[in-house]
Structure formats: C-alpha cells, structure tokens
Amino acid sequence: TASRGQGREGRGVDAVPRRWSGGKDRGGGGTPALAGPGRMKGPDRPDIVRLGRVSDEEKWALLAAADVLVLPSRLESLGIVLLEAWQMGTPVLVPLANPVTSGQVMRSEGGAIYDEDAFDDALDAVLDEGRERGVQAREWVRAECSWDAFDRRLEHLLELVG
C-alpha cells in the first residue's frame, strides 16, 4: 500500500497511520509506505514505512509495486499521482470529501471512494479486486488524458467558437 502527500493540513496523510491500525487490527496485511515531500506527523510505527521525498525512479517503482495508492487529500485540484498510478495499473483510494479526485475515480472506475466511516470497507474492496480497476483506469488515462485526446477537445472547442 502506498500513500502520497505533503502532510500539510488538508492533505490527510497524517490520518493514514490511524486508519491503518483499524485495518491491521482486523487482520489486514501489507505495509503502508508514506512518500512525498514535507513532514508527516504521527507516531513512528514499525509497520509503517515513512519514505519522505523519493526520486522519480523510486516513485515509479513504488507505484508499480503498490497494491493500492491512497491519496487522502481533501484539497487536490488534480490528482496527477492518480494518473501516474493508473499508468502503472495500480488502483487508487480517495476520499469522498474531495470532489475532484473522487470524480476522477468515478469516471475512470480506477479505484474506490471512501468516507471517514467506511475507509476499511473501501480499502478491502479495492484489495479484493486486485489490480483490475487500475488496469481498467490505465485505458481511461490513454483515452482521456493523452495529447491526442487533448487535441480532439481543443479542435472541438475551436469549432464551437469559430
């Protein structure tokens, strides 16, 4: 499991260790790896790896190896790391409280959306499906986020105003 964020107010990374304990106590497996710039608050625990800032090479390796990427931020305006995870076929988990990232997940069907009371259930659902949703979202990224898709939308916009 991987989580990414800066640990600032609203990014939500600080809550991952607290949420993880609930899942771990229920018999969950895996090791969360927290990666990203900035300080991440919370207790040091042997069952959670805090990587901090990682190189691009390390980031891509982590995304490829992760069972799921958790982006707990309520403030992201565009979850680029979601697109990166999907390029690697990795499903994602995002909060319902963020309409932008939850919208990306709904459109791509590339993971699950959780509210504060159902984090464990959403995580279990994504893990039970394996990489299926991530692989599906990889195709969505190719179709919707490629330069060709951008060019098609721009040409359509120009036709509308021209």
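Between 74, 45, 53, which is in contact (Cβ under 8 Å) with a residue 60 or more places away in the chain and of a type outside the set (Gly, Ala, Ser)?
Details: 45 fails: in contact (Cβ under 8 Å) with a residue 60 or more places away in the chain; 53 fails: in contact (Cβ under 8 Å) with a residue 60 or more places away in the chain.
After applying the criteria, what remains is 74.
Where the second residue is open to solvent by 30 Å² or more (accessible area, probe 1.4 Å) and part of a helix (DSSP H, G or I) and the first is under 16 Å from residue 71 (Cα atoms) and lies in region 117-134, which pairs have Cβ atoms under 7 Å and are six or more apart or on separate chains?
Going by the 7 Å Cβ cut-off, the qualifying pairs are 119/19; 126/133.
What are the residues in region 75-86 that are open to solvent by 20 Å² or more (accessible area, probe 1.4 Å) and under 12 Å from the mean Cα position of the chain (by Cα), if any?
Matches in region 75-86: 76, 78, 80, 83, 84.
From the residues in region 88-107 that are touching a residue at least 40 places away in the same chain (Cβ under 8 Å) and assigned to a loop (DSSP other than H, G, I, E, B), which one is most open to solvent (accessible area, probe 1.4 Å)?
Here the residue is 88.
Quick test of your reading of the structure: residue 134 fulfils all but one of (1) part of a helix (DSSP H, G or I); (2) open to solvent by 90 Å² or more (accessible area, probe 1.4 Å); (3) closer than 20 Å to residue 36 by Cβ. Name the failing condition by number.
That leaves (2) as the condition not met.
The values are calculated or read from the model by the stated rules, or taken from the named source; none is laboratory data. None of these values were measured; they are calculated from a predicted model. For neighbour counting, all protein chains shown are included, and Cβ atoms are generated from backbone atoms with ideal geometry for every residue, glycine included. Side chains included, ligands, DNA and RNA excluded: accessible areas come from the protein's heavy atoms. Shrake-Rupley method; radii C 1.70, N 1.55, O 1.52, S 1.80 Å.
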